[in-house]
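Everything below concerns the one structure shown next.
Each value in this text was obtained by applying a stated rule to the coordinates, not by laboratory testing. Everything numeric here is computed off the predicted structure, so don't read it as measured data. Positions of Cβ are generated from backbone atoms using ideal geometry, with glycine treated the same way; all protein chains shown enter the neighbour counts.
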Amino acid sequence: KLMIVLKDGRTLIGFLRSVDQFANLVLQNTIERIHVGKQYGDIPRGLFLIRGDNVAILGEMDDKRDLTELQRVSIEDILDAQREEQLRRDEETKLRNQAMLERGLQPHGDVGSEDI
């Protein structure tokens with residue numbers, strides 16, 4: 001059982017069924033885990049093919065590890081919380097960019113691995 005974090009930030013958990021020379025992965029019984037603060041929710045995804053160049057990090061899951069510090073919530077609740085967090089981040093970015101423009105500076109986006 002593996003946990004995989006993709007370059008776009010999504011977290012997938014599933015059973016590894018296949019890997020090839022390009023590090024493409026096939027996961028079975030896959031779930032997408034969404035974290036917001038101390039809450040998480042799991043969305044069932046089933047069979048999942050992941051292109052190797054989209055993987056940021058992966059590791060084996062320890063099922064014996066206790067997740068008591070995190071609270072499991074329903075899919076609807078975690079999606080609502082994720083949407084609210086994204087709106088809050090967008091508002092912060094808008095205010096930061098506005099402050100930079102007022103100071104005569106050019107706002108810029110976050111620098112990612114694609115920009116290097």
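Once you reduce segment 20-53 and segment 80-95 to the center of their Cα atoms, the two points are 24 Å from each other. Would you calculate the separation in nanometres between label points at Ser18 and Gln86, each defined as 7 Å from the Cα along the Cα-to-beta-carbon direction? Label-label distance for Ser18 and Gln86, simple model: 3.1 nm. Close amide H pairs (under 5 Å, H built 1.01 Å from N) link Ala56 with Val5, Leu6, Lys7, residues at least 5 positions away or on another chain.
Under 5 Å between amide hydrogens, built in the peptide plane, is the criterion, and for Arg45 it picks out Thr30, Ile31, Glu32 among residues at least 5 positions away or on other chains.
With R₀ fixed at 41 Å, the C-beta to C-beta distance from Glu102 to Asp8 puts the FRET efficiency at about 0.80. Only Lys, Arg, Asp and Glu carry charge here, each on its Cβ (+1 for the first two, -1 for the last two); on that basis the chain has a dipole of about 160 debye about its Cα centre. Helices in the chain, meaning DSSP H runs of at least 4 residues, each add -39500 (n - 2.57). Divided by all residues, the mean residue ellipticity at 222 nm is -8500 deg cm²/dmol.
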